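Accompanying notes for the structure given below.
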Amino acid sequence: MTQHWCDIQNADCILIIGSNAAENHPLSFKWITKAIEENGATLINVDPRFTRSSSKAHIYARLRSGTDIAFVGGMIKWVLDDMEANPGNYNMTYVTEYTNLAFLIDDEFLTAAENDGKFSGFVGGEDDPRFGTYDKSTWKWKTDDAGVPLKDPTLRDERCVFQLLKRQYARYDVDTVCSVTGTDPDVYRQVCETYARLTGPVGKSGTIMYAMGTTQHTHGTQNIRSYAMLQLLLGNIGVAGGGINALRGESNVQGSTDHCLLWHILPGYLTPPTAAQPTLRDHLDAKLAGFATSDPRSASWWLNYPKYYVSLLKSWYGDNATAENDFGYGWLPKLNPGTNYSHIALFEEMAKGKIEGLFCWGQNPAVGGPNSFAERQALQKLKWLVSVDLWETETCAFWQEPGLNPADIDTEIFVLPAACSYEKEGTISNSGRWSQWRWKAVDPPGDARPDLEIIVELMLKVIELYEAEGGSNAEAITKLRWKGWYDAPQGKNGASSLVDLVSREINGFAEADLLNEDGSVFYRKGELLESFAHLKDDGRTSSSNWLYTQSYNRKDGNRQQWRDNTDYHPAGIGTYAKWSWCWPVNRRIIYNRASVDPDGNPWDPDDFVIRWNGSGWDGDVPDGGWPPLNVEGTRLPFIMKPSGYAHIFGPGLVDGPFPEHYEPLESPVRNPLSSTQNNPAITVWRPDEVGTVEEGYDVVCTTYRVTEHWQAGQMTRNLPWLVELMPQMFVEMSEEFAAELEVGNAELVTVESKRGKIQAVAIVTKRFKPFEVGGRTVHQIGMPWHWGFTGLCQGDTANDLSPYVGDPNTMIPEYKAFLVKVTKGGV
């Protein structure tokens, strides 16, 4: 989230899209309800299915799964047209001074509207020219001789972003959009006008709340980009009640991402080294080249990257990391440039027998993975599998799946019982970036142990083996600050326990005495650092995650344990600055220097986030302490961007600087906006498993969760009370579709995709309605994905049907829109 949960109360309009917040994030509705009842806010819900969130909305708009960009692209067109006709309805200073809407773009750049659905620079693949990569050399803005971006504040130059944006979305008129999405045109016009009118004027704000219904598509990242662009055009980033707010699927998904759960990042969103960068200098030079700026008003905060990277290496390797050995950089494993190490790619390598072992830690891909039947087949090729979990899952019990002969499977399986969140202490970071300490309530049962203890003991054994037997790049393991550190944590830099030491280490230490300019001591060696501004690139500091530096410091201890629910903000906007701690530096709303005009006066004086008092900022922690924009020596508000401006034209993604509508990989209709049917930058791992309408797969299927079950089900399908509440796998379908199938409530049906078939109980409901799309009727069904073949209640797995394809930027699978056929009767 750019904001936090409590800030929703400040919104004038709330758009929930790609989320069923009422059921999956119920606490959010406390703040939505407060916004409606106390602030007069309007709630808009956009969803293929009428959900509990829809029931509370003032406006409910249906859309076919996979058509968010068409929907939001049409909203962008509505705003652009209205902005040109009625500029007084919008914060034109915000969009021209704080975003790159006025930037002039390279003359050779072509929008997708000008190039039949593809942007300039597309190069098709040899095997299938429909899919390939982009040469992004034209995706850039013009600069003056000093390298500063050229701009047209009048927004009239044909090469400025505003004019290119108009050309890009000229096709996205109401009738065309609704022919794609299946939305009622009158309702769609109401959505466009309501959101723009309530959030576009100066002093007004709107927030967008999204979840996996947005991300789990072959254009999921671009879905989010479209939301961000709309919010920037309306001046809704950085202000109270605004923002782009990802509703994370679990309580610590934000924390796991911050701390490097994903293959393409290191803690703090740093970048793993590649084989093309053999030395630390090679890596840092490559990164710094992308952060370079010629505008003296740009902070380009990522220019501090070397400080964060070296401090991370010092945290890992301690005294063994020195300037002479590149602080241990050479020991790090290197990615092969261009190689995909994402979830699907790893399971494909398992299926080929190239990956022989798997640690599966708190995850159940045998149920939760895409094309999960194929993933269970891949598990059969492993030599060994370690499962760390609370219960026996389908992943560690894959060999017990009905129809398999265990004698045919050679995989050796180890099951390590883990403690649940209430049986250990530590932190979680919620969607709003609040890092909150959880105290241990009870001891874990039997031999179950906290994950931290398990990984520490495991690595101690691995280190012993490498010390005794050697091995390829053994020093990467043996030189870690691990042995003698984590196994004896008490007293290490003031730590009282293992989890306390790790929390301190995440914050960061002085690895040597740090001196002030006058020679006095600023930090003693081993002291906790108070800000990431104090990190060094010479090995004198360490931090396991620069974003969390300040979470635990020498002045006031472990801030993540703060539990003061007083709102100290002078405008009373609900920042609750002493309830837990929020990265970065306890800033509750990021990019908040965009919430004021160039003189430092808040756009909204009543609900201001920060305001300039003549010598400093009042309110939230400012996004950089510089003075307002009209004061000499200041910096632009979007400090993480090298230009200093928010990107409406965004050249960083692999599939385009503007979002463009493409159909999901499997779609019942052709793309009416261009002849480019699918996102051309995606990877299709198994093209022979793609279903088509011609083969009878003509029903759109989406997956979702229910309140009574959690994720892949291992935590909830073993609890008898929840099993009683939600005992069976089911499929929701419209009354019209059920009538076609001659299926009644509670009857068994078979749902089949190109990848497999499952059976489920039919729930015939008014929550789904047929869509009229491209001149034909399209049915959509929905299924929860919690069931498997273990636990107290069992059922078929919805993800046996989902495809092996994902977003080209993140590789998140396309769970939310694929084709099936449905027949009466069970499998």
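The values are calculated or read from the model by the stated rules, or taken from the named source; none is laboratory data. Predicted model, so just to flag it, every value in this text is computed and none were measured. No Cβ is skipped: glycine too gets one built from the backbone with ideal geometry, and neighbour counts run over all protein chains shown. With ligands, DNA and RNA removed, areas are computed over all heavy atoms of the protein, side chains included. Shrake-Rupley method; radii C 1.70, N 1.55, O 1.52, S 1.80 Å.
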Segment 358-491: C-alpha gyration tensor shape, a/c 1.5 cut-off, then a/b vs b/c: oblate
Compute the distance in nm between two label points, each set 7 Å from the Cα along the Cα-to-Cβ direction, one at Leu303 and one at Glu735. 6.5 nm
Quick one: work out Rg over Rh on the C-alpha atoms of the chain, Rh as Kirkwood radius. 0.95
With charges only on Cβ, +1 for K and R and -1 for D and E, what is the dipole size of segment 97-228 about its Cα centre, in debye, rounded to 20? 480 debye
Log entry: pair-distance distribution for segment 1-146, C-alpha pairs binned every 5 Å from zero, whole % per bin is 2, 7, 11, 13, 14, 15, 13, 11, 9, 4, 1, 0
Going 7 Å from the Cα of Glu38 in the Cα-to-Cβ direction, what parts of segment 554-579 have a backbone nitrogen less than 18 Å from that spot? 564-579
Suppose R0 equals 25 Å. What FRET efficiency, 1/(1 + (r/R0)^6) with r the Cβ-Cβ distance, do Asp135 and Arg167 give to the nearest 0.05? 0.75
Pair-distance profile P(r), taking every C-alpha pair of segment 292-435, with 10 angstrom steps and integer %: 9, 24, 24, 27, 11, 4, 1
Would you please give the FRET efficiency between Asp184 and Arg438, computed as 1/(1 + (r/R0)^6) with r the Cβ-Cβ distance and R0 = 56 Å, to the nearest 0.05? 0.80
On a straight-distance basis, which aspartates and glutamates could pair with Lys824 in a cross-link, Cα separation under 15 angstrom, same-chain partners fewer than 8 positions away excluded? Glu732, Glu735, Glu736, Glu740, Glu742, Glu747, Glu752
Probe 1.4 Å, all protein chains in place: accessible area of Thr676 in Å², nearest 10? 10 Å²
At 1.4 Å probe size, put Thr51, Thr339 in order of accessible surface, largest to smallest. Thr339, Thr51
Chain lengthening between Val761 and Asp107 when straightened (0.36 nm per residue, less Cα-Cα): 229.8 nm
Order of 429-435, 25-31 by packing, highest average Cβ count within 10 Å first? 429-435, 25-31
What helix-only [θ] at 222 nm does the chain give? Using -39500 (n - 2.57) per DSSP H run of at least 4, over all residues, to the nearest 500, the answer is -6500 deg cm²/dmol
If you restrict to DSSP beta bridges whose two residues both lie in the chain, what percentage is antiparallel, to the nearest 5? 55 percent
Place a point 7 Å from the Cα of Asp599 in the direction of its beta carbon; the residues of segment 285-318 whose amide N falls under 13 Å from it are none
Could you sort 713-726, 131-144 so that the peptide with the highest average Cβ count within 10 Å comes first and the rest follow in order? 713-726, 131-144
Taking amide H positions as placed 1.01 Å from N in the peptide plane, with prolines and chain starts having none, which residues 5 or more places from Arg438, or on another chain, fall under 5 Å of its amide H? Gly426, Thr427, Ile428
Among Ile758, Ala594, Thr99, which residue has its Cα positioned farthest towards the positive end of the charge dipole of the chain, with +1 placed on the Cβ of Lys and Arg, -1 on the Cβ of Asp and Glu, and the dipole taken about the Cα centre? Ala594
Please list, in chain and number order, the residues 5+ apart from Arg611 or on another chain whose amide H is under 5 Å from its amide H, with Hs placed from the backbone. Asp618
Calculate, axis by axis, the spread of Cα positions in segment 362-441 along the three principal axes, and write the results as whole Å, longest axis first. 47, 24, 20
Quick check on packing: order 438-448, 531-541, 309-319 by the mean number of other C-beta atoms within 10 Å, highest mean leading. 309-319, 531-541, 438-448
Of the candidates Phe291, Thr215, Leu313, the farthest towards the positive dipole end of segment 174-324 (Lys/Arg Cβ +1, Asp/Glu Cβ -1, centred on the Cα centre) is Phe291
Links that overshoot a 25 Å alpha carbon limit, given the list Lys307/Lys578; Lys136/Lys314; Lys136/Lys287; Lys56/Lys769; Lys142/Lys641; Lys118/Lys140: Lys307/Lys578; Lys136/Lys314
For Arg635, Arg64, Arg281, what's the largest-to-smallest order of accessible area, 1.4 Å probe? Arg281, Arg635, Arg64
Amide H within-cut-off set for Val386, under 5 Å, with H built and near neighbours excluded: Leu358, Phe359, Cys360, Phe414
Mind ranking His259, His4 by accessible surface for me, highest first, 1.4 Å probe? His259, His4
Separation between the Trp384 and Glu84 pseudo-spin-labels, each 7 Å from Cα along Cα→Cβ, expressed in nm? 6.5 nm
Kindly report the accessible area of the chain per residue (heavy atoms of protein chains, probe 1.4 Å, no ligands, DNA or RNA), in Å². 39 Å²
Residue-ordered couplings for segment 613-627, obtained by feeding phi - 60° into the Karplus form 6.51 cos²θ - 1.76 cosθ + 1.60 and rounding to whole Hz (Gly and Pro as x), are 9, x, 9, x, 9, 9, x, 5, 5, x, 7, x, x, 4, x
Where nothing but the Cβ of Lys and Arg (+1) and of Asp and Glu (-1) is charged, how large is the charge dipole of the chain around its Cα centre, in debye to the nearest 20? 960 debye
Cα-based radius of gyration of segment 694-827 once divided by 2.2 N^0.38 Å, which approximates compact folds: 1.06
Share of segment 508-569's accessible area from carbon and sulfur, percent, 1.4 Å? 42 percent
Carbon plus sulfur, as percent of the 1.4 Å-probe accessible area of segment 62-199, comes to 46 percent
Please give the contour-minus-distance gain from Gln377 to Gln561: 0.36 nm per residue of separation, less the Cα-Cα distance, rounded to one decimal in nm. 61.8 nm
Looking at segment 48-110, I'd like the Rg to Rh ratio, where Rg is from alpha-carbon atoms and Rh is Kirkwood's inverse mean 1/r. 1.12
Accessible area (Å², 1.4 Å probe, nearest 10) - Leu198: 60 Å²
Can you pull the accessible area of Ser675 for me, 1.4 Å probe, Å² to the nearest 10? 80 Å²
Given +1 on the Cβ of Lys and Arg, -1 on the Cβ of Asp and Glu, and no further charges, what dipole in debye does segment 386-495 carry about its Cα centre, rounded to the nearest 20? 880 debye
For the charge dipole of the chain, defined by +1 on Lys and Arg C-beta atoms and -1 on Asp and Glu C-beta atoms about the Cα centroid, which residue among Ser431, Ser615, Val388 has the Cα displaced farthest towards the positive pole? Ser615
